[in-house]
Amino acid sequence: MIQKVRAIAATGNLSTGFREETLVGAVKDGAHFVGCDAGTTDSGPFYLGSGQARGPREGVKRNLRLILREALSAGIPVIVGTAGHAGGRPHLEWTLEIVRELATENSWHFKLAAIDSEIEKDVLAEALRKGEISPLSPAPRLEREDILRAERFVAMMGIEPIQRALSAGAQVVIAGRCSDVAIYAALPVLRGIPREVAFHAGKILECGAASAAQRLYPDCMAAELDQGGFTVEPPNPALRCTPQSVAAHTLYESGDPHHLVESGGMLDTSHAKFEAASDRAVRVTGSRFVPSATYTVRIEGAALVGYRSIVIAGIRDPLVLRQLEPFLSTVRSVVERKVEDSLKLRSDQYSVRFRVYGRNGSLGEAEPVTEQEGHEVGLVIDVVASSQRLAADIIPIVSHTGLHNPIPEHQGLISNFAYPFSPGGIDAGPVYQFCANHVWRLEDPCEPFKMSVESL
Amino acid sequence: MQELWQLTKLIRSKNAGPFELTFDIMFKDFDGFERVLDSDVLCAENIAQLYKIEISQVRFFRIDNLLAIKITIPRHIFSGDIEDTDIYGGQFHGPLVRLQIEVGPNPGKQRGYVSD
């Protein structure tokens with residue numbers, strides 16, 4: 001057991017970057033590992049559903065190159081979690097390919113561990129049948145047929161699969177879907193740091209420099225963990241942490257300010273103390289870790305809903321604006337008839353949404369303001385159908401119908417929509433939805449996470 | 001009357017995962033924090049009404065050491081569903097920014113509250 005572990009978070013997201021000199025300095029000051037989160041569900045279900053990684057690839061490669069260069073020359077491990085943005089198998093492969101390229105280009109030799117977190121649909125369906133899957137709240141319906149129809153599932157690993165990779169001697173660990181906190185808690189817990197310290201430090205480190213008083217740009221963050229607590233200090237001298245900034249970061253993106261549920265237990269920060277250790281460093285003590293009776297991992301899934309095409313238009317005529325709602329509902333009924341006539345589709349076989357910016361474009365049904373303000377609105381006509389071809393075919397029907405739909409105040413053919421582009425229609429590709437907010441009860445925390453190790 | 005933003009240094013909303021929204025409201029000083037809490041303008045009941053959900057679905061946290069209020073609600077429409085308007089949930093705080101808060105002697109202070 002060692003007394004202290006110094007953890008470096010390269011940045012909040014592998015694709016956003018950090019300053020080279022900050023990372024160089026942070027590792028030079030002594031570090032036991034460099035971690036980096038590479039994903040999130042924030043940007044929606046597309047990446048998980050499509051298998052596409054979020055780049056830019058060159059940016060991710062630049063960041064990985066610097067992280068690997070510094071860590072390998074210091075002889076410390078690198079841990080990347082939620083590879084390729086969603087942590088599925090194609091995302092993991094995308095990231096591993098970059099790592100292998102870097103090893104070849106720079107003649108680096110190291111042991112690389114890949115941890116696959118994609119869960120086969122039949123495995124998940126079997127777990128569901130055995131009663132091992134439970135919904136969180138709120139959750140979409142997840143029955144056997146929903147699982148089989150979905151595109152892809154991942155399980156979110158805790159610290160144990162990462163620890164297994166480190167124990168196998170991996171110098172670089174690329175993990176699929178992974179708890180952000182686990183990236184930073186895995187190695188410290190392995191080295192004897194108490195879980196309450198390691199998990200709370202992980203929560204603070206996972207967004208990189210975001211816990212600084214003013215994050216001027218994405219950058220690194222460092223924490224020194226010991227038996228009693230941890231001290232967080234930005235390695236970039238231009239940034240500083242204050243007790244307020246670090247405590248406030250505990251709130252960010254979590255539903256409950258004091259209780260963070262992780263695989264294996266719950267971090268309780270309700271009695272945590274945040275004290276200035278210097279004018280730039282903060283000492284955090286007093287958190288608790290409450291182990292859970294059963295070990296669960298969160299399941300994420302995405303299912304294909306259809307294909308989207310859109311068109312953007314402005315409406316400026318005050319006479320149209322003052323009757324916009326009935327106007328759009330007339331357009332809708334004319335469109336339904338035309339689509340049925342020309343494409344033989346019933347209205348329940350596709351969807352048309354009028355997203356009216358200037359009314360409730362941002363909040364939709366949740367918008368409390370009902371009276372119209374402003375001299376124009378922006379309209380996004382949003383069509384989703386069962387194929388890209390169909391969605392693209394419906395777009396001109398809607399846009400042409402809306403363009404010339406009459407209003408009683410104007411006699412003669414009018415053109416209601418200001419289209420900024422030609423062609424107006426834009427194919428937006430496949431549309432997915434998150435189809436699981438569930439947990440899976442496991443006997444062995446490593447069981448569904450397949451590890452492969454290669455020597456580069 | 002003052003508007004909520006005049007008493008705060010941060011009002012934000014954000015997804016807490018794809019299925020929940022969380023609001024963080026951080027105050028400039030204890031006086032504004034107390035005033036808003038005492039006004040009952042920003043309470044679980046009003047949030048339920050404003051965002052058209054059940055009051056039992058509103059989780060309301062008062063965090064004294066940060067002079068902050070945190071409110072977490074389920075998303076009616078999950079992030080990325082075809083009806084969704086705000087994938088990150090970053091603009092749902094909009095209706096809170098100009099909430100009208102009564103000015104005048106702090107009712108909390110009248111009841112003898114102290115600032116820590």
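The values are calculated or read from the model by the stated rules, or taken from the named source; none is laboratory data. Not measured: the values here are computed from a predicted model. Reconstructed Cβ throughout: ideal geometry from the backbone, glycine too, with neighbour counts over all protein chains shown.
For this structure, a couple of remarks:
- Count - residues of the stretch A:286-313 that are in a strand (DSSP E or B) and either exposed (fewer than 15 other Cβ atoms within 10 Å of the Cβ) or within 14 Å of chain B (Cβ to nearest Cβ) (or both): 15
- Selection from the stretch A:323-355 of residues that are under 30 Å from B:Lys14 (Cβ atoms) and either charged (D, E, K, R) or more than 14 Å from every other protein chain (Cβ to nearest Cβ) (or both): A:Arg353, A:Arg355
- Pairs meeting the criteria (first residue in the stretch A:21-34 and surrounded by 16 or more Cβ atoms within 10 Å (Cβ to Cβ), second residue among the β-branched types (Val, Ile, Thr) and part of a loop (DSSP other than H, G, I, E, B), beta carbons under 9 Å, at least 6 apart or on different chains) are A:Leu23/A:Thr11; A:Val27/A:Ile76; A:Ala31/A:Ile76; A:His32/A:Ile2; A:His32/A:Ile76; A:Phe33/A:Ile76; A:Val34/A:Ile76.
- Single unsatisfied condition, A:Ser134 versus (1) surrounded by fewer than 20 Cβ atoms within 10 Å (Cβ to Cβ); (2) of a type in the set (Gly, Ala, Ser); (3) in a loop (DSSP other than H, G, I, E, B): (3)
- Complete set of residues in the stretch B:34-49 that are in a loop (DSSP other than H, G, I, E, B) and touching a residue at least 12 places away in the same chain (Cβ under 8 Å): B:Val41, B:Leu42, B:Cys43
- Selection within the stretch A:356-369: residues that are crowded, with 18+ Cβ neighbours inside 10 Å and facing chain B (nearest Cβ under 7 Å). The member of this set that is farthest from A:Val311 (Cα to Cα) is A:Ala366.
- Residue selected from the stretch B:34-57 under the condition among the β-branched types (Val, Ile, Thr) and under 19 Å from B:Gln91 (Cβ atoms), by the criterion surrounded by the fewest Cβ atoms within 10 Å (Cβ to Cβ): B:Ile53
- Matching residues in the stretch A:260-285 - criterion: being in a strand (DSSP E or B), within 21 Å of the chain's Cα centre (by Cα) and not hydrophobic (A, V, I, L, M, F, W, C): A:Glu262
- B:Leu21 falls short on exactly one of the conditions (1) assigned to a strand (DSSP E or B); (2) modelled with pLDDT under 95, and that condition is (2).
- Among residues of the stretch B:3-18 being part of a strand (DSSP E or B) and surrounded by fewer than 16 Cβ atoms within 10 Å (Cβ to Cβ), the one that is nearest to the other protein chains (Cβ to nearest Cβ) is B:Leu10.
- From the list A:Thr41, A:Thr22, the one residue that fits, being hydroxyl-bearing (Ser, Thr, Tyr) and over 13 Å from the mean Cα position of the chain (by Cα), is A:Thr22.
To keep it simple, each residue is scored yes or no on (1) more than 29 Å from A:Gly229 (Cα to Cα); (2) in contact with a Gly (Cβ under 9 Å, 6 or more places away or on another chain).
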| site | (1), (2) |
| --- | --- |
| A:Ala10 | no, yes |
| A:Val34 | no, no |
| A:Phe46 | yes, yes |
| A:Arg54 | yes, yes |
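- Within the stretch A:97-131, the set of residues being surrounded by 12 or more Cβ atoms within 10 Å (Cβ to Cβ) and farther than 26 Å from A:Ala165 by Cα comprises A:Ala125, A:Glu126, A:Leu128.
- Sub-6 Å Cβ pairs linking a first residue in the stretch B:55-73 that is at the interface with another protein chain (Cβ under 10 Å from one of its Cβ atoms) and without any contact (Cβ under 8 Å) to a residue 12 or more places away in the chain to a second residue that is part of a strand (DSSP E or B) and basic (Lys, Arg), at least 6 apart or interchain, are B:Phe61/B:Lys70, ordered by first then second residue.
- In the stretch A:370-414, of all residues being at pLDDT below 95 and within 36 Å of the chain's Cα centre (by Cα), the one that is surrounded by the most Cβ atoms within 10 Å (Cβ to Cβ) corresponds to A:Gln372.
- For the stretch A:177-197, the criterion of being more than 27 Å from B:Gly89 (Cβ to Cβ), β-branched (Val, Ile, Thr) and touching a Phe, Trp or Tyr at 6+ places or on another chain (Cβ under 8 Å) is met by at least one residue.
- Residue within the stretch B:22-33 that is within 30 Å of A:Val356 (Cα to Cα), surrounded by 19 or more Cβ atoms within 10 Å (Cβ to Cβ) and of a type outside the set (A, V, I, L, M, F, W, C) present: yes
- Across the stretch A:255-299, the number of residues qualifying as in contact with a Leu (Cβ under 6 Å, 6 or more places away or on another chain) and free of Cβ contacts under 8 Å to residues at least 24 places away in the same chain comes to 1.
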